[in-house]
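K.L.:
The structure is given below, and queries will be raised subsequently.
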Amino acid sequence: MTITPICPKCGAPAVSVSQEVVERFSEDTPVPSGRWAACVSATCAVAYFCDRQQIATDDLTQRLWYKDKGMDVPVCYCSQLTREEIRRAVAQGAGTISEVQRMAQKNRMGFCSTENPLGLCCRDAFLWEINEAKHKNRGEP
Ligand SMILES: [Zn+2]
């Protein structure tokens, strides 16, 4: 049985992550060993937490796409492909991940388990951002 971790700051359900991922994103390393989780709530200032420590988004080496709406934030962390590059590629007619990767000339993938801030595949975020870009290009909110 797995227990969903709860963010101690905002109370939202969080995502379990490996210590390796936290070490990769934390400015202060090594981090204490423990059962780490990531708060994915967009407005919460806590990025990672375990029972002994909390790490704020300000104390990370990289920005998190789910907390930071900036255009220069990576969506695919394997190749540091940014939201802006996705928007631009979609504006030029790209509609799939591989088309965006080709236009941006960034196709490094498969390192998600350590390079993605949630230790998850970048694919879902990538698809979500492509969809967002399509709506934006059509002038929809
Ligand atoms: Zn939180």
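The values are calculated or read from the model by the stated rules, or taken from the named source; none is laboratory data. Keep in mind the model is a prediction, meaning the values are calculated, not measured. So basically every Cβ, Gly included, is an ideal-geometry build from the backbone, and we count neighbours across all protein chains shown.
K.L.:
Of everything in region 71-84 that's out of contact with any Leu (no Cβ under 7 Å at 6 or more places or on another chain) and within 11 Å of residue 126 (Cα to Cα), which residue is surrounded by the most Cβ atoms within 10 Å (Cβ to Cβ)?
P.N.:
Here the answer is 76.
K.L.:
Right, another one. So which residues in region 15-43 are charged (D, E, K, R) and farther than 13 Å from residue 55 by Cα, if there are any at all?
P.N.:
20, 35
K.L.:
Related question: May I ask you to list the residues in region 18-32 that are under 19 Å from the mean Cα position of the chain (by Cα) and more than 14 Å from residue 57 (Cβ to Cβ)?
P.N.:
Correct list: 18, 19, 20, 21, 23, 24.
K.L.:
In region 82-91, what residues are aliphatic (A, V, I, L, M) and within 11 Å of the chain's Cα centre (by Cα)? I'd like the intermediate steps shown before the answer.
P.N.:
We begin by selecting, within region 82-91, every residue aliphatic (A, V, I, L, M); these are 86, 89-91.
Within region 82-91, no residue meets the criteria.
K.L.:
Hey, another quick one. Checking residue 54 against (1) touching a residue at least 12 places away in the same chain (Cβ under 8 Å); (2) closer than 21 Å to residue 124 by Cβ, only one condition comes out false. Which one?
P.N.:
Failing condition for residue 54: (2).
So that you can scan it fast, the table gives a plain yes or no per residue for (1) farther than 15 Å from residue 122 by Cβ; (2) surrounded by 17 or more Cβ atoms within 10 Å (Cβ to Cβ); (3) hydroxyl-bearing (Ser, Thr, Tyr); (4) in the same structural domain as residue 119 (by TED's automatic domain parsing):
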{"position": "6", "(1), (2), (3), (4)": "yes, no, no, no"}
{"position": "20", "(1), (2), (3), (4)": "yes, no, no, no"}
{"position": "28", "(1), (2), (3), (4)": "yes, no, no, no"}
{"position": "31", "(1), (2), (3), (4)": "yes, yes, no, no"}
{"position": "45", "(1), (2), (3), (4)": "yes, no, no, no"}
{"position": "93", "(1), (2), (3), (4)": "yes, no, no, yes"}
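K.L.:
Considering only region 1-111, give the strands (runs of 3 or more DSSP E) lying wholly within it that have at least 1 residues that are within 16 Å of the ligand (Cβ to nearest atom) and over 28 Å from residue 133 (Cα atoms). So that I can check it myself, show each step before the final result.
P.N.:
Numbers: elements: 46-49, 54-56, 74-76.
Qualifying strands (runs of 3 or more DSSP E): 46-49, 54-56.
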